[in-house]
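Asks: Shown below is the structure under consideration.
A short reminder: the numbers here are calculations on the coordinates, not readings from a lab. The structure presented is a predicted model; accordingly, all values stated were derived computationally and were not measured. Cβ coordinates were reconstructed from backbone atoms using ideal geometry, including for glycine residues, and neighbour counts include every protein chain displayed.
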Amino acid sequence: MSEFEHGKLSPWGYIIDAETLPNFITLGEFNNFTNGKFGADTRIMSNIPAATEAIRNYCGWHIAPSLTCGMLYNVRDLRDAFVGSDLLVQLPSTYVTSIEKVVVNAVWNASTNDWDGDVLNDYDIGMGTGLLRIYDVGVLDRKSKIFIKFTSGYEQAPASIKGLTADNITHAVANPYGVNSETAGGVSVSYSGTWSGLSSSSKLPSDTKEVLEAYKLKGVF
């Protein structure tokens, strides 16, 4: 098909122009972050996707890479978002780089593989918030649909996201099975309280969540 609107549905409810999403870091980048300390650990490769997915799911969107995205809304679900004749829509992103198309009274056209309807061109987007204000929408039937096509995400994961991903993997493999401390001969090792019990890259500690607030969508818990 020539358009992606009926294509790949992301885990976060919007459509993306990609079949798969890359991990935030590569094995080489992880080794650079950790100075090769875990270079021989075969668990690293399986933990990279888990750590990446955990961060994306916590933030509620894909974060990186930059993708063309599509979001279909029912007007009845946006009834509290009208401000006079304007409509406020929170797109599923905290980094929107462009709006490709806004269509109200949208109807899928199978012959063109696209959404037909009334195209609106008067809007503002907060790039760092994903908040879209569409001006002079007018009266819409509560059963009608709105389709928004937009570009979202960083070209590659920001350094802070890469670092958090590496940290999550490191502590998951260094803190085996939730053990808080280990003793071998005369050597005793205690794991940080923040990370105690964290034996999986799919779990996020509280201090990681604090840093991720900058990338987290409003309303995502």
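Asks: Give Lys37/Lys216; Lys101/Lys145; Lys8/Lys203; Lys8/Lys209; Lys162/Lys216 a once-over and call out the pairs whose C-alpha atoms are over 24 Å from each other. Could the numbers behind the result be given before it?
Replies: Values: Lys37/Lys216 31 Å; Lys101/Lys145 14 Å; Lys8/Lys203 26 Å; Lys8/Lys209 28 Å; Lys162/Lys216 16 Å.
Checking Cα-Cα distances, Lys37/Lys216; Lys8/Lys203; Lys8/Lys209 exceed 24 Å.
Asks: On to the next question. Under a 5 Å amide H to amide H cut-off, with H placed in plane at 1.01 Å, what residues pair with Lys8 once short-range neighbours are removed?
Replies: Here Ile16, Ala18 satisfy the definition.
Asks: Return the sequence-ordered ³J(HN,Hα) values of the stretch 28-33 in whole Hz as given by the Karplus equation 6.51 cos²θ - 1.76 cosθ + 1.60 applied to θ = phi - 60°, using x for Gly and Pro.
Replies: Karplus values, whole Hz, x for Gly and Pro: x, 5, 4, 5, 5, 4.
Asks: Another question, if that's okay. So how much slack lies between Arg43 and Glu155, counting 0.36 nm per residue of separation and subtracting their Cα-Cα distance, in nm?
Replies: Taking Arg43 through Glu155 to full extension adds about 37.6 nm, to one decimal.
Asks: So how much slack lies between Val211 and Met127, counting 0.36 nm per residue of separation and subtracting their Cα-Cα distance, in nm?
Replies: 28.3 nm
Asks: Show me 102-109, 162-169 ranked by packing, highest mean number of other Cβ atoms within 10 Å first. The partial results should precede the final answer.
Replies: Details: 102-109: 17.4, 162-169: 22.8.
Top to bottom by mean Cβ count within 10 Å: 162-169, 102-109.
Asks: If you average the sequence gap of Cα pairs under 8 Å that are 6 or more apart and divide by the length of the stretch 1-141, what percent do you get for the contact order?
Replies: It rounds to 22 percent for the stretch 1-141.
Asks: Still on this structure, please answer the following. Can you list the residues of the stretch 53-94 with backbone N under 12 Å from a point 7 Å past the Cα of Thr20, pointing along Cα to Cβ?
Replies: none
Asks: Can you compute log10 of I(q)/I(0) for the stretch 112-156 with the Debye formula, treating each Cα as one identical point scatterer, at q = 0.18, 0.30, 0.33 Å⁻¹?
Replies: -0.74, -1.28, -1.35
Asks: Right, next: Throw me the Rg/Rh for the stretch 1-155, computed over C-alpha atoms with Kirkwood Rh, two decimals.
Replies: 1.08
Asks: Pull up all non-local amide H partners of Tyr123: gap of 5 or more, or a different chain, and H-to-H distance under 5 Å with H placed in the peptide plane.
Replies: Tyr135
Asks: So how do 112-120, 43-51 stack up, highest first, on mean other-Cβ count within 10 Å?
Replies: Final packing ranking: 43-51, 112-120.
Asks: From the backbone phi of the stretch 111-121, what are the Karplus-calculated ³J(HN,Hα) couplings (6.51 cos²θ - 1.76 cosθ + 1.60, θ = phi - 60°) in whole Hz, Gly and Pro given as x?
Replies: 6, 10, 6, 8, 8, 9, x, 8, 7, 10, 10
Asks: On to the next question. Provide Rg over Rh for the stretch 64-186; use the alpha carbon set for both Rg and the Kirkwood Rh (inverse mean inverse pair distance).
Replies: Working: Rg = 21.7 Å, Rh = 17.4 Å.
With Rg and the Kirkwood Rh in hand, the quotient comes to 1.25.
Asks: Let me ask something else about it. What residues qualify as long-range amide H neighbours of Asp86, i.e. H under 5 Å apart, gap of 5 or more or another chain, H built at 1.01 Å from N?
Replies: So Asp86 has HN proximity to Asp136, Val137.
Asks: Still on this model: Give a residue-ordered list of calculated ³J(HN,Hα) values for the stretch 81-97 (Karplus: 6.51 cos²θ - 1.76 cosθ + 1.60, θ = phi - 60°; whole Hz; x for Gly, Pro).
Replies: Karplus-based 3J(HN,Hα) across the stretch 81-97 equals 9, 7, 10, x, 8, 9, 10, 9, 10, 8, 6, x, 6, 10, 8, 9, 9 Hz.
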